[in-house]
1. Given labels modelled 7 Å from the Cα in the Cβ direction, how far is it in nm from Asp126 to Ala108?
2. Rounded if a/c is under 1.5, else prolate if a/b beats b/c, else oblate: with a ≥ b ≥ c from the C-alpha gyration tensor eigenvalues square-rooted, which is the stretch 110-168?
3. Fully extended, how many nm does the chain gain between Ile96 and Ile53 (0.36 nm per residue separation, minus their Cα-Cα distance)?
4. For Gly24, list long-range residues whose amide hydrogen, built 1.01 Å from N in the peptide plane, is under 5 Å from its own amide hydrogen.
5. Any lysines with Cα under 23 Å of the Lys125 Cα? List them, leaving off those in the same chain fewer than 8 positions away.
6. Take Arg14 and Ser118, extend 7 Å from each Cα along the Cα→Cβ direction, and tell me the distance between the two endpoints in nm.
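Where a number appears in this text, it was derived from the coordinates with a stated rule and is not lab data. Predicted model only: the values in this text are computed from it and were never measured. Cβ placement follows ideal geometry from the backbone for every residue including glycine, while neighbour counts extend to all protein chains displayed.
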Amino acid sequence: MDFIKETDLPGIGRKFSASPADGGKIIIIVHDDGVREIYRHDGNDADGEVEHIVSFDDAEARKIAGILGGLAYTPKAMENMRVDLKGLAIDWYKLITPAPFIGSSIGALGIRKNIGVSIIGIIRKDGGSLVNPGPEAVLRDGDTIVMAGTREQINAFHAGARGEAPPA
């Protein structure tokens, strides 16, 4: 069974229902106007009420998503993690010396052109972050790179970052 179930809500938006491992059910409604609402339901009581928890506007929801997705803080256990969503992989990779990418810019390495991944964020060792960095962004020792691509593209990035297969 899938962790998240999606349902279209014509004229409203889309509903996402998640059943976390610790029980219950979380319902997220994304309205066509950008508002997001989060509800909770006690999964043990079929007749129990659905409780409205919070609503976010679009900008707030994107900030919360970044936090949940690890762009603001990456727990140590998640520094090298991959999430696959219907063929799209989102991955975190921590660069450490002697990674050949260190000291080079995204553009100079030709990461998107040669490997195919898009770098969507860089979390700096000092706690700073770059969201959607441009080709001029230089990769540093200790950076956690957040990228999106196919599983094959992500694997090619990992290999290149380890010095096994530099970008062609």
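1. 1.9 nm
2. Verdict is prolate for the stretch 110-168.
3. Working: separation 43, 0.36 × 43 = 15.48 nm, distance 4.07 nm.
Between Ile96 and Ile53, full extension yields 11.4 nm more.
4. Excluding prolines and chain starts, which carry no amide H, the hits are Gly43, Asn44.
5. Lys63, Lys76, Lys94
6. Each label point is offset 7 Å from its Cα along the Cβ direction, giving 1.5 nm.
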